[in-house]
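Heads up: the structure comes next, in structure tokens.
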């Protein structure tokens, strides 16, 4: 699903590369954590998978597409095969829950009949049935993140990228969100989640990829957040 | 992509930046109004040329005494002058117009204006020779040859008068078009500003659109349509303004000259002809400004 070969990324404003000779493979259907301190390169990693940025060196292949060789006009089609979830939810405050989810389909030209069918289905999946007409500010943090996950998943992506999705949530709510992501993973969607939450990583015992100063320092198939931390 | 959905986004966008939208619409409207005025002056100049065209003559006015003494140009002084003019190799056409004939022509020309008819009598007008030259530029030759002749009052070159009129009209056209261009530059920058503000206000939306894989075209379309709609409203204001200028200024102040055919009237049909040009110019100005801004300044 994801293949990185000797990928480096440098910025003009920094003397140290954000990613330094990173090579990695993530198989289809895997659930992986990307951990590491702030500035270790996690966000750069995710942004490159989205083709928001291109590597300075090396090759990135996502779902069979070589992102380095991808024409700019093909980027939107690539992003349709991905879903993204963020720490700050990024919901549209002037739209209701179902409108927020429908928005992701509207803007890629899905027919209205499809939207009418799949939006309630995905709301049901994330446990927000009956809250379709609420505004985001009427929901709790956990519920808002569920809406964001529903929006990311509604297009049935091959890969779900989550950047600290529990960063703004209390431990109980975080646990619920992780159950939801696991459930999505069981449908066959590959999940890659950047996190600082050691409790979650330790309790899930999934693959852990640890970055430090732009390098992979650890890659364990059933890892914990960090020995001795 | 559903049109209704896009247009609801456009309406929301225009409402959200209402003060900037109004400023941009007014500036575009003034720019297009000036452009329209320039186009109407071009049309007026062409029409004036068409009205006078080959009718432009040199007029040798006889003195008032001569006009009265020999009303039909039968005496030697006048008939001799006429024969000489007919024989002149520079002159292609010449005929004599008596005071009475001049008065008849005057009455016909100002038939719609009783006030103009009241102030004139046949005596107040002079008899004249109407002359056409093979080469209209050689007006000076006629002045030299006949200016000092007995019985001749004055010599008038209609072409010279028209030339002065065209210089004034062309000057007005150039001034309005220069002002239109300056205003268009201001409108261009305001549209750019409007698009930047709109894009900033909706950055979460555009970011989500980018991340879920909306095409660049789809992401930009609401901004482009917003700008074009504002440009078209500006054009509509410009056309309305021109119509008001025609009705309340031109028709009131120059109506008499229009009706008598001395100056070509600005008709509603002229405005109807100019309206789509202004609409097109407004839409293109707005679209180009928005497109360039989106390409250069807005990450989509």
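Details
- Against the main long axis of the alpha-carbon atoms of chain A, helix A:97-106 sits at an angle near 60°.
- In chain B, the longest principal axis of the Cα atoms and the axis of helix B:18-52 are about 20 degrees apart.
- Among A:195, A:44, A:187, residue whose mean-square fluctuation peaks in a GNM of chain A (springs only between Cα atoms under 10 Å): A:187
- Beta bridges by DSSP in chain A, antiparallel share as percent, to the nearest 5: 45 percent
- Inter-label distance for residue A:202 and residue A:72, nm, one decimal - labels placed 7 Å from Cα along Cα-to-Cβ: 4.8 nm
- Subtracting the Cα-Cα distance of residue B:182 and residue B:137 from 0.36 nm times their residue separation leaves 12.4 nm of extension gain.
- Average beta carbon contacts from partner chains per residue of B:211-223, 10 Å cutoff: 6
- The stretch A:9-47 and the stretch A:149-164: distance between their alpha carbon centers, rounded to Å: 19 Å
- Inter-chain Cβ neighbour count for A:100-109, averaged per residue, equals 5 (cutoff 10 Å, partner chain atoms only).
- Residue with peak Gaussian network fluctuation, chain B [Cα springs, cutoff 10 Å], from B:128, B:31, B:154: B:154
- Here the protein assembly as shown carries DSSP beta bridges of which approximately 65% are antiparallel, counting only pairs with both residues inside.
- The slack between residue A:140 and residue A:25, meaning 0.36 nm per residue of separation minus the straight C-alpha distance, is 37.8 nm.
- Footprinting exposure proxy for A:84, B:78 (fewest neighbouring C-beta atoms within 10 Å first): B:78, A:84
- For chain B, the longest principal axis of the C-alpha atoms and the axis of helix B:268-296 are separated by about 40°.
- Point-to-point label distance, residue A:218-residue B:259, nm (Cα→Cβ direction, 7 Å offset): 9.9 nm
- Take each peptide in B:62-72, B:240-250, count the other Cβ atoms within 10 Å of every residue, and average; sorted highest first, the result is B:62-72, B:240-250.
- Helix-only CD estimate at 222 nm, as mean residue ellipticity for chain B, using -39500 (n - 2.57) per DSSP H run (n ≥ 4): -24000 deg cm²/dmol
- The stretch B:223-245 and the stretch B:62-125: distance between their alpha carbon centers, rounded to Å: 52 Å
- FRET efficiency, 1/(1 + (r/R0)^6) with R0 51 Å, evaluated for residue B:251 and residue A:52 via beta carbons: 0.25
- Approximate spin-label separation residue A:65-residue B:3, in nm, with each point projected 7 Å along Cα-to-Cβ: 3.0 nm
- Note on chain A: helix-only mean residue ellipticity at 222 nm, from DSSP H runs of 4+ residues weighted -39500 (n - 2.57) and normalised by residue number, equals -9500 deg cm²/dmol.
Read-outs: derived from the displayed coordinates by stated rules, not from any lab. None of these values were measured; they are calculated from a predicted model. For neighbour counting, all protein chains shown are included, and Cβ atoms are generated from backbone atoms with ideal geometry for every residue, glycine included.
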